[in-house]
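Please treat every number below as a calculation from the coordinates, not as lab data. Please read these numbers as outputs of a predicted model, since none were measured by experiment. All Cβ positions, even for glycine, are placed from backbone atoms using ideal geometry, and neighbour counts span all protein chains on display.
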Amino acid sequence: MLYPHDQSPVLFKDKEGINREGKYVLSMQAFIELAGDEGPEDCSNVFPEADIIQWEYLERSEMDGGLIEAF
């Protein structure tokens with residue numbers, strides 16, 4: 001599977017079929033869900049590449065839904 005560019009805002013789906021919004025972090029080889037006041041250090045927000053079945057880029061200016069490309 002191809003992965004997004006480092007720090008790219010994305011919409012991603014995990015193995016459970018749950019859609020999540022966040023960013024991809026190349027150094028961690030993981031997708032990080034953006035959630036409330038919790039920082040990315042919270043392990044419940046980190047999803048390794050192997051746990052993701054689908055992802056889409058989000059517009060950088062509109063993290064709330066401007067999809068521009070899907071894989």
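Take E56 and Q29, extend 7 Å from each Cα along the Cα→Cβ direction, and tell me the distance between the two endpoints in nm.
Going from the E56 label point to the Q29 one covers 2.8 nm.
Rank these for me by crowding, M1, M28, going from fewest to most other beta carbons within 10 Å. Show your work: numbers first, answer last.
Values: M1 9, M28 14.
Result, fewest neighbours first: M1, M28.
If you rank L26, L11 by fewest surrounding Cβ atoms within 10 Å, what's the result? Working shown, then result.
Details: L26 13, L11 18.
By the 10 Å Cβ count, ascending: L26, L11.
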